[in-house]
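Below is one structure, written out as structure tokens; comments come after it.
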Amino acid sequence: MRLEDIYVTEAGGEPMQSRQRIDAVAGGLDGDRYCTGRGHYSPFDVCEVTFVQAEALEEIERTTGIDLSEGQHRRNLVVRGGDVHDLLNSRFRLGEATFEGTRPRPPCRYIEQLNDEDGLMRALGEGRGGICARVDEPGEIAVGDEIGGIEEMGNFEGMVASIRDRVGR
């Protein structure tokens with residue numbers, strides 16, 4: 001899998017901004033709303049970094065006509081060339097950073113309200129909403145970086161990482 005796009009925003013409800021590179025830091029992506037505690041669901045639904053598949057977004061546009069190419073999906077990292085769900089319960093490297101895939105990231109009704117797009121929640125459902133990940137080792141990531149070094153953690157470690165995400169460690 002290869003990193004195709006990076007999106008962040010400073011506060012919940014603000015438009016996502018595209019980046020070519022960014023630092024993954026303890027708690028998320030540097031300056032992103034969930035890393036700074038300014039996300040719509042902070043601190044109730046902690047998801048440090050979100051990953052979504054480019055192919056899923058293209059399928060949504062093809063089948064529903066909903067264009068999510070400019071970050072309307074509200075996910076941080078768009079990857080191409082594999083199923084992001086394969087990263088769940090795994091530790092993996094992207095650029096200089098290491099992440100742990102913690103849980104699926106289903107869409108919510110709030111995403112429809114922000115985009116004024118009926119059907120968006122359903123379109124991102126059905127396994128196309130991506131996953132949450134925790135930053136295990138900080139480092140810079142950039143568009144074009146490959147995901148590698150995938151190491152399965154097993155369900156128990158993945159469950160512990162997910163709980164840490166929810167309670168803020």
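In terms of packing, defined here as the mean over residues of other Cβ atoms within 10 angstrom, the peptides 64-77, 14-27, 133-146 line up highest first as 64-77, 133-146, 14-27. Derived scalar couplings between HN and Hα for the range 86-96 equal 5, 8, 5, 6, 9, 9, 8, 9, 9, x, 8 Hz in order, rounded to whole Hz, by the Karplus curve 6.51 cos²θ - 1.76 cosθ + 1.60 (θ = phi - 60°), x for Gly and Pro. The label point for residue 18 and the one for residue 30, both projected 7 Å from the Cα toward the Cβ, are 2.1 nm apart.
Bear in mind that the values in this text are calculations on the coordinates, not laboratory data. On a predicted model such as this, the values are computed, not experimentally measured, just so you know. In this analysis, Cβ positions are derived from the backbone assuming ideal geometry, glycine residues included, and neighbour counts consider all displayed protein chains.
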